[in-house]
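I have placed the structure first, in the form of structure tokens, so that the comments after it can refer back to it.
Any read-out appearing in this document is the output of simple, stated calculations on the displayed coordinates, not a laboratory observation. Predicted, not measured: the structure shown is a model, and the values here were computed from it. Glycine gets a Cβ as well: all are built from the backbone with ideal geometry, and neighbour counts include every protein chain shown.
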Amino acid sequence: MLYSLAYTIKMSKKGSHQIKDYFDFVVPPLEGFWWQDGVKGIDYAHKERFNFISCIRMPDFVTDDVLTWTKKEAAVKKGLDFSPVKLLTLTEGKCVQIMHHGSYDDEPATIDKMHQFITENNLKLDFSDKRRRHEIYLSNPQRTKVENLKTIIRLPVKEKKMNND
């Protein structure tokens, strides 16, 4: 759904509907925000309990009006219900970020490195309803060998207070 909408916006330049302030852009990679209800951190043994929000970054000219037009246009072409898709504005804040290479199943070892970095740099995790684990998928798993997958992983952090907060 997200790619259908993103490419409908991108290709609008070839149609009669002209989007205000449009400029040509490269459709960015898929991103995901992950969490598990009732779990502090992540329980990798129970991936079936993951909740997620998938998204694709859009240029600033993509407004609610543009999205409304795009959903109608894509629904006609694809025969899908795009009503669940929303436009979100995100201010991510301070994060620790790493490039993970390989299988998604091997991410725990990469996350361990991130936790070590967080501890060594007087930081602490800062998860909340607005700050979640963030992944950016630079590779298409349907076209890339597992060992060549690249994923940017971000964890929200904040400075640790001197009283061991």
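The angle separating the long axis of helix 107-120 from the principal Cα axis of greatest extent in the chain is about 60 degrees. What the Kirkwood sum gives for the range 2-78 is a hydrodynamic radius of 14.6 Å, with every pair of different alpha carbons counted. Before anything else, pin down the relative contact order of the range 1-139: Cα pairs under 8 Å, at least 6 apart, normalised by residue count, whole percent. Here the relative contact order equals 30 percent.
When the Cα positions of N121, Y104, Q142 are compared along the charge dipole of the range 78-142, N121 comes out farthest toward the positive end, with charges on each C-beta of Lys, Arg, Asp and Glu. Can you match Cα extents along the principal axes in Å to one of these, (1) 49, 31, 24; (2) 60, 37, 29; (3) 67, 25, 24, based on a calculation from the structure here? Among (1) 49, 31, 24; (2) 60, 37, 29; (3) 67, 25, 24, the one calculated here is (2). Label zone (E159, point 7 Å along Cα-to-C-beta; backbone nitrogen cut-off 17 Å) within the range 70-104: 93-96. Segment D64..K130, full-extension length gain: 21.7 nm, with 0.36 nm per residue of separation and the alpha-carbon distance subtracted. Cβ-to-Cβ counts within 10 Å put I9, I152, I42 in ascending order as I152, I42, I9, the fewest first. Under the criterion of Cα pairs below 8 Å and six or more residues apart, the relative contact order for the range 2-78 equals 37 percent. Taken about its Cα centre, the chain carries a charge dipole of about 340 debye when Lys and Arg each add +1 at the Cβ and Asp and Glu each add -1 at the Cβ.
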